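The values are calculated or read from the model by the stated rules, or taken from the named source; none is laboratory data. Everything quoted here is computed from the prediction, not taken from an experiment. Methodologically, a virtual Cβ is constructed for each residue, glycine included, from the backbone with ideal geometry; neighbour enumeration extends over all protein chains shown.
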């Protein structure tokens, strides 16, 4: 298979390069390739799901992608916890990491590309075949109308080669008002996801819990990961019914309040992160308050911004620039993760845990107004319909009205008796 061939070539290349440039550089290079592959997957997966999924299931299917990620994280926590006392347990842990990519590689052979990609490249018949696969018994009229909408939104990017076309796409994003507003929303939501501090809390949760007096900090971290997984599952059930905007408008204040609770608790715990000590060892009442606050914070994150951040990618009206927009969003996500992860422990030491958690609470407060004033509701809308309400403003009210009408029409269609 291609996996075995790749491993064979990698072994040959790695063996030769080890003598040419050194073991350390080969190891570093292989890790860079691995990380780049992961980043590309994170970029393409939500983009592909948003273009393949029917409008009424789009949010639910994007969240399904996230629930598999959070489920994998939870399983990893359990495996690492179980292997902590096993001799060379890390080898087993690393070996198990090969299972998901191999399974994913096999399943990829059965996965078509998106209809919008086929339309962009003039393969209309293939686009029709994919539409018939992803919709339940669609009529020819529906398929043809959907293809026509995609053709209408497909303004071919000029250019002689892929690099020139990519550069033209970048220019279109910045010069077309609708696409530029979509870019603001896509990058803004990704920035909110990172700068509200969730990933840092997940990265260093064991350190935090150990410092505030929990002897089995890994077990407490499993509780946090389980909360993330469970509430991501709840998000699947409600995101298309309630809408991403409404969920975020509830989730952001809940995150803010939860972080304030943690900040107050840390004030009374009197933790010194510079030395990793706490005045009163062992679990006390304020330590429990920290746990409760973090559980509520993670629950609010999982239902809200943890899943809804990728809604911005849907808002790019032009299919040719959607992948470039997703690239911008992913870069914002990982740049934010890098900044927060590299400064989080320093913040704990220099401005205290109370100051750090208060800082993130303030960012959640600001994020609420970003969502309230700028993010339109796209529940039940086709990707092409975003053009109308982003071309001359963010038009939050108009989008909400259109989404409401679509939901009402959908309910009427379901209740209408068949003859």
Check: Is there a residue in the range 320-333 that is under 27 Å from residue 211 (Cα atoms) and in contact (Cβ under 8 Å) with a residue 60 or more places away in the chain?
Finding: no
Check: Yes or no: residue 355 in a helix (DSSP H, G or I), modelled with pLDDT of 75 or more and not assigned by TED's automatic domain parsing to the domain that holds residue 146?
Finding: yes
Note to self: For the condition closer than 25 Å to residue 377 by Cα and either assigned by TED's automatic domain parsing to the domain that holds residue 238 or without any contact (Cβ under 8 Å) to a residue 60 or more places away in the chain (or both), what is the one hit in 43, 61, 111, 103?
What the structure shows: 61
Item checked: Flag for residue 384 being assigned to a helix (DSSP H, G or I), in the same structural domain as residue 270 (by TED's automatic domain parsing), at pLDDT below 85 and surrounded by fewer than 21 Cβ atoms within 10 Å (Cβ to Cβ) -> yes
Margin query: Can you say whether residue 227 is in the same structural domain as residue 336 (by TED's automatic domain parsing) and under 19 Å from the mean Cα position of the chain (by Cα), as far as the supplied structure shows?
Written below: yes
Checklist line | Residue within the range 63-78 that is more than 24 Å from the chain's Cα centre (by Cα) and either surrounded by 16 or more Cβ atoms within 10 Å (Cβ to Cβ) or part of a helix (DSSP H, G or I) (or both) present | finding: no
Notebook entry, point to check: If you scan the range 133-162, which residues turn out to be farther than 15 Å from residue 122 by Cα, in a helix (DSSP H, G or I) and at pLDDT below 80?
Noted result: 162
Margin query: Show the residue pairs meeting these rules: Cβ distance below 6 Å; 6+ apart or different chains; first residue within the range 215-234 and more than 11 Å from residue 71 (Cα to Cα); second residue surrounded by fewer than 17 Cβ atoms within 10 Å (Cβ to Cβ).
Written below: 218/81
Checklist line | Among residues of the range 293-305, those that are surrounded by 24 or more Cβ atoms within 10 Å (Cβ to Cβ) and part of a helix (DSSP H, G or I), counted | finding: 8
Check: Assuming residue 393 fulfils every condition listed in (1) in a helix (DSSP H, G or I); (2) modelled with pLDDT of 80 or more apart from one, which condition is it?
Finding: (1)
